[in-house]
Structure formats: C-alpha cells, structure tokens
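First the structure, in the form of structure tokens, and then the observations on it.
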Amino acid sequence: MTHGNLFVIAAPSGTGKTSLVKALVEETPGIVVSISHTTRAPRPGEQHGVNYFFIKEDEFRRMIERGEFLEYATVFGEFYGTSYRFVEATLKKGIDVVLEIDWQGMQQIKTVVPSSITIFILPPSLENLKDRLVKRNQDKPSVIEERLMDARETVSHIHEFDFLVINDDFSHALRDLTLLVEAHRLRQSNQAQKYADLLQVLRQE
C-alpha cells in the first residue's frame, strides 16, 4: 500500500492559509486536514471537531504527558497540538495529510518525520496582511499589531521550508499548492509502491 505524504503548511496569521487548505482538500481527492487541538476559544462560525478540537488547558497538558501529540506549540498564549494517532493511521491508509501549524511545529515535525513536505505561504506585502487582519474583524487593534510583529518573526524562518507560495491571487496560490501535492505523489518512491506489481512483471521480462 502506498504511504501517504505529510504536508506541513505554515503562514503568518491572516495570510489566507486556512481558506487555501480548505479549497485544496475540497478539490483534491485523497487528502485530508489534521484537525488540531487548541486551548483557545472558538471564533465566530468555528465548530468543535470541524475547525479544531477546543479543550481546556489542563486536558491539553494531560495529553502532552501521555505523548499524544506529534507536535505542539504555544501561539499567542494558547496551546495548539497535532494528534499523533490520527496522522499515523491516515498516512498508513495511503491518504495524504495536511498540517496547518506554525514554524515551531514544523521544526518538531521535521525531526519526527524528515520526509514531510514543508510549505510556507506569504501575503504579497505587509500592508496587504494588515488589511486582511482588519477586514476579518476578529481582533482588537493591539492584537493586530501583535500579529504583524509575529509575522516578521515568522518570516525569519522561511529558509527552513521546502517551498514558498505567495497568496497574491487566491486561484493562483491554490494552483501552486495543488501542483505541489500532485508532484510529490509522482515521486519515484511513491510510484514504485503503487505500481509494485507492474514493475515486478517488467523486471521479469
């Protein structure tokens, strides 16, 4: 059975990462998003078990102690973590998994799963990012400034990622993400597993 690919996608808050990943999964068969656990409160429209698993901090800490996270990090004072069990089981089924995490989580994932494909998404400009944060109307001005400062810190880790996608035009950025997924599915190691019977027959002739 072909083993699934693990895609790690990170971006500064407000870049449009979640919308891009949602569209990618809806339009591309055989790929799912790993739903993270978090201690932050749900935003308007978010649902437990759909966008995140919203849990209390004491429960999150117990999950850390039991070794249930593939990675976890603290972002803006809240915990975020990826379920080890879900990712492992899904990849074994030959299904690709997308992780929406930050650069701290990416570093942890690369240590545990060196074959993971890491993608960084950027807005076309800092002004564009600020405009998006203001328009989504979810944060106070002070929080927006904090997120912009964090974006500068996040960008300093861009060299640690395999690929860079600029979300200037949504359809173009989505196309770039789709091409990255399709290209990695065609890697020799994946194809050799998928078509093992064919290769065996050809070698015998």
So which of Leu198, Leu186 is out of contact with any helix residue (DSSP H, G or I) (no Cβ under 8 Å at 6 or more places or on another chain), farther than 24 Å from Val8 by Cβ and aliphatic (A, V, I, L, M)? Leu198
Filtered residue count, segment 153-202, keeping only those that are part of a helix (DSSP H, G or I) and closer than 23 Å to Gly94 by Cβ: 23
Return the pairs, sorted by first residue and then second, in which the second residue is exposed (fewer than 12 other Cβ atoms within 10 Å of the Cβ) and among the aliphatic types (A, V, I, L, M), the first residue lies in segment 180-205 and is under 16 Å from Asp96 (Cα atoms), the beta carbons are less than 9 Å apart, and the residues are 6+ apart or on different chains. Gln193/Met1; Lys194/Met1
Among the residues of segment 1-50, how many are polar (S, T, N, Q) and under 27 Å from Arg62 (Cα atoms)? 5
Restricting the first residue to segment 20-44 and requiring it to be touching a residue at least 40 places away in the same chain (Cβ under 8 Å) and outside any loop (DSSP other than H, G, I, E, B), which pairs with a second residue that is loosely packed, with under 14 Cβ neighbours inside 10 Å and among the acidic types (Asp, Glu) meet a Cβ separation below 8 Å and a spacing of at least six or different chains? Thr38/Glu78
Filter segment 178-205 down to the residues that are surrounded by 12 or more Cβ atoms within 10 Å (Cβ to Cβ), of a type in the set (S, T, N, Q) and over 13 Å from Leu20 (Cβ atoms) and list them by number. Asn190, Gln191, Gln193
Scan Val113, Val97 and give me the residue that is within 30 Å of Asp197 (Cα to Cα), touching a Ser or Thr at 6+ places or on another chain (Cβ under 7 Å) and either at pLDDT below 95 or not small (Gly, Ala, Ser) (or both). Val97
What number goes with the only condition from (1) of a type outside the set (Gly, Ala, Ser); (2) assigned to a strand (DSSP E or B); (3) surrounded by fewer than 17 Cβ atoms within 10 Å (Cβ to Cβ) that Tyr80 does not pass? (3)
Matching residues, segment 29-68, being among the polar types (S, T, N, Q), farther than 18 Å from Val87 by Cα and surrounded by 13 or more Cβ atoms within 10 Å (Cβ to Cβ): Thr39
Considering only residues that are among the basic types (Lys, Arg) and under 23 Å from Ala151 (Cβ atoms), which ones fall in segment 42-60? Arg43
Selection count where residues are part of a loop (DSSP other than H, G, I, E, B) and either buried (at least 19 other Cβ atoms within 10 Å of the Cβ) or among the hydroxyl-bearing types (Ser, Thr, Tyr) (or both), scope segment 1-15: 8
Please specify each residue of segment 108-131 satisfying the condition of being surrounded by 17 or more Cβ atoms within 10 Å (Cβ to Cβ), in a helix (DSSP H, G or I) and not hydrophobic (A, V, I, L, M, F, W, C). Gln108, Lys110, Lys130
Output the residue which, of all residues in segment 164-177 that are surrounded by fewer than 16 Cβ atoms within 10 Å (Cβ to Cβ) and in contact (Cβ under 8 Å) with a residue 40 or more places away in the chain, is nearest to Leu99 (Cα to Cα). Leu164
Out of all the residues in segment 61-73, is one or more farther than 26 Å from Asp150 by Cβ, modelled with pLDDT of 95 or more, assigned to a helix (DSSP H, G or I) and out of contact with any Ser or Thr (no Cβ under 7 Å at 6 or more places or on another chain)? yes
Yes/no for Ser142 being more than 20 Å from the chain's Cα centre (by Cα) and of a type in the set (Gly, Ala, Ser): yes
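The values are calculated or read from the model by the stated rules, or taken from the named source; none is laboratory data. Keep in mind that what you see is a predicted model, and the values were worked out from it rather than measured. Every residue, glycine among them, receives a Cβ derived from its backbone with ideal geometry; neighbour counts consider all protein chains shown.
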